[in-house]
Amino acid sequence: MTRTHHDWLRTGSRILLGFAGAMLALIMVLRVPWIASDVPLAYNEGWNAYHAVAVRDGTMLYPSLAETGTVNNYPPISFLLVGTIARVGGDPIRIGRMVNLLGLLLTVAAMVGVVRRLGGARTPEATLFTVVVSMLPFVGPWHHYLGINDPQMLAHGIMLGAAWLIVRAEGSPGATAGGAALMAVAGFTKHNLLPLPIAMLAWLWFSGQRRAAWAFMGGGLGAAAILVAGAYVAWGSAFFESLLATPRLTRLDRIPEMGIPLLRTQLPLLLLAAIAAIMVRVPPLTKWYFGLAVVICLAMLSGEGVGQSGVFDIGLAMGLVLALAANASHDKPSRHRVVQVAVLGWACVLGVQRLWGQLPAALDNAHGRAAAQHAMVVQLLQNSPGAVACEAAADCFRAGRPWTWDAFNVGQAVKMGHPAGARMIEAVTTQRFAVISMQNWPDVAPEFIPPSLRRALEAHYRLADSVGPRLLIPR
């Protein structure tokens, strides 16, 4: 029997799907030793841990930057969750990493559910394809977000779970309002998840589901009002000051400066998603989400400190478009097989690139060396007789030392002329700290160490010889 081009496409897509799935599994396995260790996986891990400890110990969750040198400009739900679990027992950083992985599972499951409700095929092959495209952000520019102590994935999991509930409701006002309330909870977990709620409202309104749209607005705004009122009762005006008045420099030239490197590895998939959205009958909701994610997320990059987390919605929206374009049960099989082969081919390229960096590091015991260096830094911080400061807050957290320096936010305070910036420069010039822990001195981004603070550090501190580019001591 002669094989048709559709048969070849089906065979090719299945081979590529198996290969891509196996590579994703291997990438996850290679990440496990890092997730299980004390080595900081990201700058924010210690930052999040100190805020979770504030919940655990009943201290100030929203401190004054001017008075303490630290600030919390995130909403509270993730800290309440991790801090409450930590009261029972456990390390807040490891708890936060497990919450991150739970959020990842919720995100992937919700993506599968949304794709199915919007007309995607329900076969095991289609489900695995959706899982693969849901995980692609962790192979590209967002790879270091896998299993870190950060609320991003929990928020996305809740947000996409709410989207599944609303799509499943098929216009029911009550269920739609409940889904909108859950989206408000997601926003109180991470506050920059704007594209999906706006896309959902636009889809409901312009698809003629006006009752559901009004219910969506009522449920979302009502839940948000309750959450804001609760935050005011718990933390007073400090909550609003921390979220809304923390110094932050905004630069329009930062959009191409950050956006191009972040999206370069995703550009083929972005173009493919845009083409597929036109050539294949993709549901309007996903088109709204994809378009708004690109516009809103790139605009967010104008704020200093906004990096991978600011554009996560682009990767997730792209995944929904591609999953539906590749598995649309109502469209021509040959057309969506072409999309499958193209997507999976590029996914395999990304997977090989990622493993090209991970496998040699694993074979060379990079984790063991990083763990040994981190343990040495922690021991030196523990044994230091004077005050210490840590650019990577996880160093001070593991050493059991007080948190005295919120490096990024203090760096922004220096640039914006905030009193907290002047206090930090004074502390450096008077050599108040016996030891300052750095991630990689002098290679530090100016968003964290502005020129005036760098000059003070160079004039009054020098690298200790014992642990490479990690510790500064007074001259």
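Only four residue types carry charge here, +1 at the Cβ of Lys and Arg and -1 at the Cβ of Asp and Glu. Report the dipole size of region 1-154 about the Cα centre in Debye, rounded to the nearest 20. Walk me through the intermediate numbers first.
Numbers: 11 positive and 8 negative charges, 147 e Å.
Charge dipole of region 1-154: 700 debye, to the nearest 20.
For region 426-475 and region 1-68, what is the separation of their Cα centres, given in Å? One Cα centre to the other: 31 Å. Amide H to amide H distances under 5 Å link residue 435 with 389, where only residues 5 or more positions off or on other chains count and H is placed in the peptide plane. Taking 56 Å as R0, compute the FRET efficiency from the Cβ-Cβ separation of residue 60 and residue 7 and round it to 0.05. After rounding, the FRET efficiency stands at 0.30.
Carbon and sulfur: what percent of region 130-222's accessible surface (1.4 Å probe)? With neighbouring chains kept in place, the figure for region 130-222 is 68 percent. Surface exposure of the chain, expressed per residue as accessible area with a 1.4 Å probe, stands at 41 Å². For the chain, a crude dipole built from +1 on the beta carbon of Lys and Arg and -1 on the beta carbon of Asp and Glu, taken about the Cα centre, is about 1120 debye to the nearest 20. Extension gain for residue 91-residue 264 works out to 58.6 nm (0.36 nm per residue, less the C-alpha to C-alpha distance). In the chain, a dipole from Cβ-located charges (positive for Lys and Arg, negative for Asp and Glu) runs towards its positive end, and of 433, 151, 359 it is 359 whose Cα lies farthest in that direction. For residue 462, the residues whose modelled amide H falls within less than 5 Å of its own, excluding neighbours fewer than 5 places apart on the same chain, are 473, 475. Heavy-atom surface analysis with a 1.4 Å probe gives region 280-431 a carbon and sulfur content of 62 percent of its accessible area.
From helices alone, the chain scores -22500 deg cm²/dmol at 222 nm; the rule is -39500 (n - 2.57) for each run of n ≥ 4 DSSP H residues, then divide by the residue total. For region 1-71, the list of trypsin sites (Lys or Arg not before Pro) that fall in a loop by DSSP and count at most 15 other C-beta atoms within 10 angstrom reads 3.
Subtracting the Cα-Cα distance of residue 228 and residue 452 from 0.36 nm times their residue separation leaves 76.9 nm of extension gain. Only helices reaching 30 angstrom along their own axis (Cα) with mean Kyte-Doolittle hydropathy no lower than 1.0 count here, and for the DSSP H runs of the chain these are 92-117, 210-235. Highest average first, the peptides 100-109, 274-283, 148-157 ordered by how many other beta carbon atoms sit within 10 Å of their residues are 148-157, 100-109, 274-283. Relative contact order for the chain: 19 percent, from Cα pairs under 8 Å spaced at least 6 residues apart, divided by residue count. Using a probe radius of 1.4 angstrom, the carbon and sulfur fraction of the accessible surface of region 33-104 is 65%. Extending 7 Å from the Cα toward the beta-carbon at both residue 382 and residue 445 defines two label points whose distance is 3.1 nm. Rank 234, 323, 93 by how far each Cα sits towards the positive end of the charge dipole of the chain (+1 on Lys, Arg Cβ; -1 on Asp, Glu Cβ) and give me just the farthest. Farthest towards the positive pole: 323. Among the listed values (1) 33.1; (2) 42.6; (3) 23.7, the one matching mean projected area of the Cα convex hull in nm² as calculated from this structure is (3).
The values are calculated or read from the model by the stated rules, or taken from the named source; none is laboratory data. Here the structure is a predicted model, which means the values were calculated and not measured. Please note: Cβ atoms are built from the backbone with ideal geometry, for glycine as well, and neighbour counts cover all protein chains shown. Calculation scope for accessible area: heavy atoms of the full protein, side chains included, ligands and nucleic acids excluded. Shrake-Rupley method; radii C 1.70, N 1.55, O 1.52, S 1.80 Å.
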